Amino acid sequence: MRLRSKAFLISTGILLLMVLASVLFGGFASQNVDLPKVAGVGSAVAVAEDTGALEVTEAATVDEAEELVRSEEVEAALVPDPDAPLELTVIGLDEAPTSVLAVLSVTPGIELLEPSGQNPFLIYLVALGFGLVFFVSALTFGSIIAQSVVEEKQTRIVEILMATVPVRALMAGKVLGNSILAFGQIALIAVLAGVGMLASGQDLLLADIGPSLVWFVVFFLFGFVLLAALFAATAALVSRVEDVGSVTSPVTMLVMIPYFLVIFFNDNPVVLGVMSYVPFSAPVGMPMRVFLGTAEWWEPLLSLGILVATTALVVWIGERMYRNSLLRTGARVTLKEALVG
């Protein structure tokens, strides 16, 4: 019990430190940047210089300014609006140059040469965050459940427990107890991330990531119950702590696969679409799609429904395996024996 408590505290501490460090890094990075570089054409040069917050390169023509943008020598180009000479048009490459817009005293028109979605680096960081938190939490608490089941079986304590407590209640206690701890850890991380973003002035980022963060917490709750039932059921197949790794390795793979998929395919709509409807990867795949804005309003609800139904089925199968395997000692219990009894 003491070791399991230490594992919980250590994993929670590590994750909280990582979240806090990443949030603060983002805040400091956004406050310590060089002046945005822009190209100016005609009267736009004087307007840009008057701001005192832009590094201006004068261009002779609009085409020349656009070429500077395409070569990424400047972040944007400021040109007089042909329909309203006293107003400006900002020309960006693939997204609105927010750093330039923020320092202009007027809101200009915006023209994008190569429109695209969100910042790829931000997408990668969000994917890494979801994948890593899911991976560490699920693996930590799943291993605690597996170790507990085998230890009780190896020392025959389970025989005493089964004489006073129904097997279903015994398994439910392990799964629900660790699920509450895991959920509390995830909720704490989500709150810390939100508070950190507000404190460091990253309100806009919080507005973007907030909905997906909420969905991640909800999906994780049911996804972890599914995995916890599998960890408990597979661990009951063996009678020695030394063998627990071999029987729980398939469940461990179910935890690792979503992590690697979301890291390597965080901008692939096909892979994320499949992940969002596969129960064991939905806790990572669907929140990513919500963040990217590629999921319709009803899709998270449908995916959650599939996950809840699958979790109920897995818990029922896991309880049967757990009940049929607990009193079998010695040789490893086969899957058929665990299911049939």
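Tabulated results
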| quantity | calculated |
| --- | --- |
| G52, sole failed condition from (1) on the phi > 0 side of the Ramachandran plot; (2) touching a residue at least 12 places away in the same chain (Cβ under 8 Å) | (2) |
| In region 48-67, residue nearest to D81 (Cα to Cα) [restricted to those that are assigned to a helix (DSSP H, G or I) and open to solvent by 30 Å² or more (accessible area, probe 1.4 Å)] | V62 |
| Identity of the residue in region 308-331, among the polar types (S, T, N, Q) and at pLDDT below 90, that ends up surrounded by the fewest Cβ atoms within 10 Å (Cβ to Cβ) | T329 |
| Qualifying residue in region 98-120 (condition: at pLDDT 80 or above and open to solvent by less than 40 Å² (accessible area, probe 1.4 Å)) | no |
| Every residue from region 289-340 that is in contact with a Ser or Thr (Cβ under 6 Å, 6 or more places away or on another chain) and within 30 Å of L128 (Cα to Cα) | R289, V290, F291, S303 |
| Single residue of V33, V45 found to be under 26 Å from V90 (Cα atoms), open to solvent by less than 40 Å² (accessible area, probe 1.4 Å), β-branched (V, I, T) and at pLDDT below 85 | V45 |
| Y259 being open to solvent by less than 50 Å² (accessible area, probe 1.4 Å) and either at pLDDT 95 or above or assigned to a helix (DSSP H, G or I) (or both) | yes |
| Every residue from region 268-294 that is open to solvent by less than 30 Å² (accessible area, probe 1.4 Å) and part of a helix (DSSP H, G or I) | L272, G273, M275, A282, P283, V284, G285, M286, P287, M288, R289, F291 |
| Residues (modelled with pLDDT of 85 or more, open to solvent by less than 40 Å² (accessible area, probe 1.4 Å) and not polar (S, T, N, Q)) located in region 139-171 | F141, G142, I144, I145, A146, V149, V150, E152, K153, L170, M171 |
| Selection count where residues are touching a residue at least 60 places away in the same chain (Cβ under 8 Å), under 14 Å from P166 (Cα atoms) and part of a helix (DSSP H, G or I), scope region 321-339 | 2 |
| Matching option when the condition is under 29 Å from W316 (Cβ atoms), in a helix (DSSP H, G or I) and of a type in the set (D, E, K, R), among D208, D243 | D243 |
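The values are calculated or read from the model by the stated rules, or taken from the named source; none is laboratory data. Quick caveat, the model's predicted, so the values are computed rather than measured. Backbone-built Cβ (ideal geometry, glycine too); neighbour counts: all protein chains shown. Areas reflect the complete protein model, heavy atoms only, side chains present, ligands, DNA and RNA absent. Shrake-Rupley method; radii C 1.70, N 1.55, O 1.52, S 1.80 Å.
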